[in-house]
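The values are calculated or read from the model by the stated rules, or taken from the named source; none is laboratory data. Given the structure is predicted, the values throughout are model-derived calculations rather than measurements. So basically every Cβ, Gly included, is an ideal-geometry build from the backbone, and we count neighbours across all protein chains shown. Accessible surface is based on the protein model in full, side chains and every heavy atom, while ligands, DNA and RNA are left aside. Shrake-Rupley method; radii C 1.70, N 1.55, O 1.52, S 1.80 Å.
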Amino acid sequence: GESFGARQQLDVTYGADLYLTRPDTEGDINGQYEDDDNVNEFGVYAQAEYIINDQFELLGALRADKSSLLDDPVFSPRAALLYKPDPNHTWRATYNRAFSMPTTLNYFLDINGGLASGGAGQLGYYLRAQGSGKDGFSFMNDQGGIAGVRSSFTPEALGGPGQLLPLSAEALWPLMVGFLLQTQQISPQQAALLGQLPIGLVGLNLLDANTGLISPAAGAVIPDTPPLRESTTNTFEIGYQGNFQGRLAIAADVYYTKRENFTSPLLARNPLVLFDGQQLGALLVQAGLPAQDAAALATAVGGVPVGVVSSEDVISPTADIVASYINFGELDYFGADLAVQARLTDHWTFGTSMSWIQDDFFLVDSDTDTEVEDFTEIEDLNDVVGLNAPDFKWSVDVGYTNAGFSASARGRYSSEFSVNSADFVGVGCLPLSNELRGALEASGLRNCVEAYTVFDLGLGYEIAGTGTEILLDVTNVFDVGYETFVGVPEIGRLAILQVRKTF
């Protein structure tokens with residue numbers, strides 16, 4: 001850094017950094033990307049601090065970064081105006097544009113997540129987490145059609161579940177008949193009859209693995225998963241920090257944030273394939289089955305995924321529902337933070353802190369890359385962006401110290417919040433459209449993470465002249481069972497006893 005001038009001082013800091021990332025997972029985590037997952041990142045930066053007078057100070061900064069995963073460099077400016085009426089009080093107004101690169105896992109993760117949840121897993125379909133890679137991947141072919149299907153019903157003699165098959169009723173029907181025969185839902189005689197049906201007259205449907213919504217496969221377009229881009233965050237903030245005679249400290253700020261191209265959680269990208277039960281029932285009646293038997297068989301078949309859309313971009317020996325990361329469009333929100341710490345007497349302290357954000361979920365139409373306000377416009381759970389954290393948190397603590405003894409009590413509150421992250425989905429508290437709620441309920445709708453209030457206690461004693469402390473911390477004193485995320489075990493009371501020695 002360099003300084004210029006006497007009273008009106010200008011300090012400049014500049015530098016450069018280089019990050020070389022070389023993952024080595026031996027194929028266990030990065031799978032097909034193992035030999036193509038190196039990342040080089042280079043950045044330069046400069047910051048200038050200008051003291052206008054005893055009360056005002058101006059800060060400005062700019063950095064430029066270039067990643068081997070991006071075509072263009074990324075620029076991040078920052079500006080701040082500080083007002084200090086006296087040394088114990090500071091007001092600030094800041095603008096900051098920051099960017100974050102997706103992690104190497106976002107790009108190069110390629111791992112089998114085990115059997116999918118629910119009925120799909122019981123039928124042998126797996127969940128695969130696959131990053132976008134440097135070039136992205138697609139489930140469509142060059143002619144604008146769906147590239148293919150993998151089925152958990154494909155016998156090893158025909159290539160097994162990893163065999164890529166065409167999306168056609170003729171190719172998939174023998175697999176369905178074999179499944180029905182193997183599970184003893186039909187007799188060998190019925191299997192022979194079903195094998196002779198002109199099955200090309202029956203259409204195929206697609207089942208969205210996220211929402212449970214069903215749509216025709218004919219003419220369907222499965223969105224590509226493009227290579228990820230950097231996520232940018234523009235934030236405007238007004239803040240205050242003050243100290244009142246060493247007895248009271250206050251820090252507060254309010255901010256507005258606009259995020260663009262943020263990286264989503266893991267989201268299922270390819271639908272399951274079903275036979276159209278209604279068309280199949282009509283064909284079975286034409287083939288001579290009694291109407292009641294035809295309806296029962298058609299209903300059973302129409303609810304069983306015969307395959308999952310796939311392509312050569314998914315390298316796997318199993319039939320996989322692929323979950324990946326994508327960039328959404330943009331969203332904005334307000335937030336505020338407050339922290340107060342007071343020394344009431346020489347022995348007693350009091351503190352409280354609060355954090356608030358405008359909402360715990362956002363609606364983004366991924367087709368138009370715009371934020372929307374009305375759930376009736378949302379048909380796909382992928383467009384429900386979860387903060388996956390509470391929109392309001394509050395804590396209060398009281399402390400006491402005297403003659404080597406210390407004690408503290410703290411209360412913590414966390415508001416209810418929704419979760420939408422890969423296979424962990426809890427959105428039951430949201431005002432979903434009737435169509436979306438019905439589809440989710442059919443596949444097992446889970447509620448949001450419920451609000452909770454817990455209390456913690458701490459005790460400590462320092463043995464004079466020995467440098468030895470005995471500490472006892474008890475969290476969730478009243479053993480209130482609460483969850484911090486969807487699908488995780490409840491947290492009960494936890495007590496930790498420590499003996500600490502300082503030499």
Kirkwood estimate for the stretch 325-408, i.e. one over the average of 1/r between Cα atoms, Å: 16.2
Charged-residue dipole, Cβ positions (Lys, Arg, Asp, Glu), the stretch 1-105 about Cα centre, Debye nearest 20: 880
Residue (of Asn243, Thr232, Leu165) at the positive-pole extreme of the stretch 163-322, dipole from beta-carbon charges: Asn243
Ellipsoid equivalent to the stretch 250-374 - semi-axes via the Cα gyration tensor, in Å: 55, 19, 16
Cβ-based charge dipole, the chain, positive-most Cα from Gly131, Ala339, Pro271: Ala339
Of all accessible heavy-atom area on the chain, the percent that carbon and sulfur account for (1.4 Å): 55
Two-site FRET efficiency, Leu70 against Leu472, from Cβ-Cβ distance with R₀ of 51 Å, rounded to 0.05: 0.50
Kirkwood hydrodynamic radius of the stretch 289-353, Cα pairs, Å: 19.7
For the chain, size of Cβ-based charge dipole, Lys and Arg +1, Asp and Glu -1, in debye: 1140
Calculated P(r) of the stretch 141-240 - Cα pairs past 15 Å, %: 74
At 1.306 mPa s and 10 °C, Stokes diffusion of the chain via Kirkwood alpha-carbon radius, µm² per second: 58
Sites Leu58 and Val488, calculated FRET efficiency, Cβ-Cβ separation with R0 41 Å, nearest 0.05: 0.30
Rg over Rh, two decimals, the stretch 69-180 (C-alpha only, Kirkwood Rh): 1.32
Debye intensity ratio I(q)/I(0), log10, the stretch 337-489, q values 0.10, 0.12, 0.16 Å⁻¹ (C-alpha model): -0.53, -0.67, -0.93
Rel. contact order, % - alpha carbon contacts under 8 angstrom, at least six apart, the stretch 40-153: 15
Column: log10 I(q)/I(0), Debye, Cα scatterers of the stretch 179-284, q = 0.17, 0.18, 0.22 Å⁻¹: -0.99, -1.04, -1.21
Förster-model FRET efficiency, 56 Å R0, Asn434 and Ala98, C-beta, rounded to 0.05: 0.90
Residue-by-residue Karplus 3J(HN,Hα) for the stretch 203-220, coefficients 6.51, -1.76, 1.60, Hz, glycine and proline x: x, 10, 10, 10, 10, 5, 5, 8, 10, x, 6, 10, 9, x, 7, 4, x, 5
Kyte-Doolittle mean at least 0.5 and Cα axial length at least 18 Å: DSSP H helices in the chain: 169-182
Nonlocal amide H pairs with Gly203, under 5 Å, H built at 1.01 Å: Asp276
The chain - mean residue ellipticity at 222 nm from DSSP helices (-39,500 (n - 2.57) per run, n ≥ 4, rounded to 500): -3500 deg cm²/dmol
Between the stretch 29-108 and the stretch 325-398, the alpha-carbon center distance in angstrom: 22
